[in-house]
Amino acid sequence: FIHLLPKAGIIALVGFVEAYSIAKLAAMRRKQKLDIDQELVGQGIANLGSGLFHGFPVSGSFSRTAINIDAGAISPYASLVTALCTLLVALFFTPLFYYLPHSVLSAIVVAAAIPLLNLHWVRELLRVSKSDGYVALATFALALIFTPDVAIFIGIVLALMFFLQQTVWGARITEMAIHPKLNILRRVRNIDEHLETIPGTVIVHVGAPLYYANAAFVIEQMEKLAREHVEREQVPVKRVVIDASAISFADSTGVEVLGEYLDEWQAKGVETDFIYLRTQVHGILTKSKQFPKYTWYKNISEMSTHA
């Protein structure tokens, strides 16, 4: 069981992604809503049933779905009719198809899959998000070299790599200042606006979730902004305010690393506060024993009054 588990996990992941991708395409074609939870339940039940009778892993079929779409199928009964026809052919008409060349079968699959190609969608994907477009093109190219399952699995890995790249090195850590008229935070580098800075106080906006992969990078950027603030204001930093409005979630490792960093600042006499801290993230920080005590401000006015 232990030996089979990793391979079974890969098969289940690739099979579900393949089925979900074709189901999503079909839903887009027909302007329907796709329930991914229901799709996962259907995949699970089908594979359990197949496993009880020594069957192959069950997944969706790109070519058969494309043929169903072109044929106008609108309900699961289409698959039932297909299964009955396949059974009749296997029982009574197999000799008629025995000598059919493989090239003919391949032509049927290719002809059914061609309508699924949407070059306009790929162009839009590249325009909106180049990383997503690159993953789509790479997956398509790999499908011509390897099997679709292998191509999809590599595409999943590429997508995860781009996600890590964007959340780790693509996290935007910027210094903020207070706009006196609008009473909001704006980037310090917006030189076209008159912004108020608090001497000795650095307001840092963390523009990414805080988790194990990017915690060290976030801290490194915060230290860099603190050094730049000292060089610009010629005043030592006595207080760091973290704008946490973009921190949608935080894990235990990220919280622990940030806590150690804040402990070092407190030992140097630097106070650390938070502003716009989300309730969910606030709860995680509160539960962590390694995280030091901190002050939490709900808005600019409350923070300015304290300053």
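For the range 141-164, check the following and say yes or no: at least one residue is touching a Ser or Thr at 6+ places or on another chain (Cβ under 6 Å) and either closer than 30 Å to GLN221 by Cβ or open to solvent by 40 Å² or more (accessible area, probe 1.4 Å) (or both). Yes, that holds for at least one residue. In the set (1) free of Cβ contacts under 8 Å to residues at least 12 places away in the same chain; (2) surrounded by 17 or more Cβ atoms within 10 Å (Cβ to Cβ), LYS287 fails one condition alone, (2). Restricted to the range 235-272, and to residues there that are of a type in the set (Lys, Arg) and surrounded by 14 or more Cβ atoms within 10 Å (Cβ to Cβ), the residue that is farthest from PHE217 (Cα to Cα) is LYS238. Of all residues in the range 40-66, those that are open to solvent by less than 80 Å² (accessible area, probe 1.4 Å) and assigned to a helix (DSSP H, G or I) total 13. Would you confirm whether or not the range 29-39 contains a residue that is within 18 Å of PRO76 (Cα to Cα), outside any loop (DSSP other than H, G, I, E, B) and more than 23 Å from the chain's Cα centre (by Cα)? Yes - at least one qualifying residue is present in the range 29-39. In the range 81-138, counting only helices (runs of 4 or more DSSP H) that sit wholly within it, none holds 3 or more residues that are polar (S, T, N, Q) and over 18 Å from ALA66 (Cβ atoms). The one condition from (1) open to solvent by 50 Å² or more (accessible area, probe 1.4 Å); (2) free of Cβ contacts under 8 Å to residues at least 24 places away in the same chain that ALA27 does not meet is (1).
The values are calculated or read from the model by the stated rules, or taken from the named source; none is laboratory data. These numbers were taken from a predicted model, which means no experiment stands behind them. Every residue, glycine as well, gets a Cβ built from its backbone with ideal geometry; the counts of neighbours run over all protein chains shown. With ligands, DNA and RNA removed, areas are computed over all heavy atoms of the protein, side chains included. Shrake-Rupley method; radii C 1.70, N 1.55, O 1.52, S 1.80 Å.
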